[in-house]
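Reviewing the structure listed below.
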Amino acid sequence: MAQTTAICLLPFKRLPSVAVVVGDPLRAKRISELLTNVTPLAMNREYHTYVGTYEGVELAVMSHGIGAGGASCAFEELIQAGVTTIIRAGTAGSFDPRYREGALVIATGAVRDDGVSPGLVPLGYPALSNYEVVQALIDSTKNHPDVSSYGVGIVTTVGHFYDGPAGNNNKLWASAKVLAIEMEISILLVIASLRGIRAGAAVNIDNYIFEREVSEKYEPHREVVHQGTYRMIRVVLSAAARLAKEDIEKRRETETKETPAAQAK
């Protein structure tokens, strides 16, 4: 019998309850360097997984690559490995001029244009963040004085990065008050809801879409973006640690209630 998941090579039911996921394997490695007692757990394809301690609790950190198809494998196998809360920390383009490069956007839900989730469940099924994850991210943001600009709202997830003859729906989503565009959040939220776990996401803005469309320049490696990514990572790690601590406390309460009942038998 296999001891690990098929693609990401994660040990079944052995991971911490909370995982932070990112697209880039190098970013996963850099996040792991912010943890203590770090173990590189599995490295296969774009899926690099680490386990370590942050703010006194154990967390998992994993990369999932670009796009919903590959990312869906990571999310499914994290759940198989025992994770019950997944938070994505990524980058996105902004539709809202209030949120420029280096700003943080916390997703309450996502438009499902990812190209993968319709194969799991009809488009009428919503992609919603768990309210506890959203609140933890908001509270963590407020507790980080370096974060001067953040928004909370809907994002859209698309399956392609470069436009073709079909164009895009950027103006439509902007007029509908969608805050940002990225490539993985909706599939995460749909899978989480289907499998009965918690999920949410925060993204660092690396470009303002309508300025980028005019200039035809995409420059995600500027210092203002790097600094925003660092702030986002700290926000997400603190939120993840809080949720992990709450999980531990809930388990203790459950064990305390069950012990007298077991002794009575």
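The values are calculated or read from the model by the stated rules, or taken from the named source; none is laboratory data. Model, not experiment: these values are computed from the prediction. Every residue, glycine as well, gets a Cβ built from its backbone with ideal geometry; the counts of neighbours run over all protein chains shown. Only protein heavy atoms, including side chains, enter the accessible area calculation; ligands, DNA and RNA are left aside. Shrake-Rupley method; radii C 1.70, N 1.55, O 1.52, S 1.80 Å.
Would you confirm whether or not segment 58-66 contains a residue that is open to solvent by less than 40 Å² (accessible area, probe 1.4 Å), hydroxyl-bearing (Ser, Thr, Tyr) and out of contact with any Phe, Trp or Tyr (no Cβ under 9 Å at 6 or more places or on another chain)? Steps first, please.
Taking segment 58-66 first, the residues open to solvent by less than 40 Å² (accessible area, probe 1.4 Å) are 59-65.
The next check asks that each one be hydroxyl-bearing (Ser, Thr, Tyr); those that pass are 63.
Keeping just the survivors that are out of contact with any Phe, Trp or Tyr (no Cβ under 9 Å at 6 or more places or on another chain) gives none.
No; the residues of segment 58-66 include none that is open to solvent by less than 40 Å² (accessible area, probe 1.4 Å), hydroxyl-bearing (Ser, Thr, Tyr) and out of contact with any Phe, Trp or Tyr (no Cβ under 9 Å at 6 or more places or on another chain).
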Tally up the residues in segment 32-57 that are under 17 Å from LEU188 (Cβ atoms) and crowded, with 22+ Cβ neighbours inside 10 Å, please. 2
Restricted to segment 172-183 and to residues being of a type in the set (A, V, I, L, M) and in contact (Cβ under 8 Å) with a residue 24 or more places away in the chain, the residue surrounded by the fewest Cβ atoms within 10 Å (Cβ to Cβ) is ALA174
If only one of ASN169, ASN204, ASN143 is touching a helix residue (DSSP H, G or I) at 6+ places or on another chain (Cβ under 8 Å) and open to solvent by 70 Å² or more (accessible area, probe 1.4 Å), which one is it? ASN143
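Could you list all residues from segment 1-31 that are of a type in the set (A, V, I, L, M), within 23 Å of ARG231 (Cα to Cα) and open to solvent by 20 Å² or more (accessible area, probe 1.4 Å)? Can you show your working first?
So in segment 1-31, the residues of a type in the set (A, V, I, L, M) come out as 1-2, 6-7, 9-10, 15, 18-22, 26, 28, 31.
Of the ones still in play, those that are also within 23 Å of ARG231 (Cα to Cα) are 18-22, 26, 28, 31.
Hit for segment 1-31 is LEU26, nothing else.
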Please name all residue pairs, on different chains or six or more residues apart, with Cβ atoms under 8 Å, provided the first residue is in segment 103-120 and is in contact (Cβ under 8 Å) with a residue 12 or more places away in the chain and acidic (Asp, Glu) and the second residue is open to solvent by 10 Å² or more (accessible area, probe 1.4 Å) and part of a strand (DSSP E or B). ASP113/VAL158; ASP114/VAL158
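Are any of the residues in segment 184-206 free of Cβ contacts under 8 Å to residues at least 60 places away in the same chain and hydrophobic (A, V, I, L, M, F, W, C)? Before the answer, list the steps.
As a first pass, look at segment 184-206 and keep what is free of Cβ contacts under 8 Å to residues at least 60 places away in the same chain: 196.
Applying the additional criterion that residues be hydrophobic (A, V, I, L, M, F, W, C) yields none.
No, because not a single residue in segment 184-206 is free of Cβ contacts under 8 Å to residues at least 60 places away in the same chain and hydrophobic (A, V, I, L, M, F, W, C).
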Report whether or not THR85 is buried (at least 21 other Cβ atoms within 10 Å of the Cβ), at pLDDT 95 or above, closer than 19 Å to LYS29 by Cβ and polar (S, T, N, Q). no
Report the residue count in segment 207-245 for those that are free of Cβ contacts under 8 Å to residues at least 24 places away in the same chain and not β-branched (Val, Ile, Thr). 10
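Could you look through segment 208-228, keep only residues that are of a type outside the set (A, V, I, L, M) and in contact with a Ser or Thr (Cβ under 7 Å, 6 or more places away or on another chain), and pick out the one that is nearest to ASP139 (Cα to Cα)?
Taking segment 208-228 as the starting set, the residues that turn out to be of a type outside the set (A, V, I, L, M) are 208, 210-213, 215-223, 226-228.
Still in the list and also in contact with a Ser or Thr (Cβ under 7 Å, 6 or more places away or on another chain): 208, 220.
Numbers: TYR208: 25, PRO220: 27 Å.
Result: TYR208.
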Taking interchain pairs and intrachain pairs at least six residues apart, which have beta carbon atoms under 9 angstrom, with the first residue in segment 135-160 and within 9 Å of LEU104 (Cβ to Cβ) and the second in a loop (DSSP other than H, G, I, E, B) and among the charged types (D, E, K, R)? SER149/ARG98; SER149/ARG100; GLY151/ASP96; GLY151/ARG98
Options GLU216, GLU246: the member that is surrounded by fewer than 21 Cβ atoms within 10 Å (Cβ to Cβ), at pLDDT below 95, farther than 19 Å from ALA28 by Cα and not aromatic (Phe, Trp, Tyr): GLU216
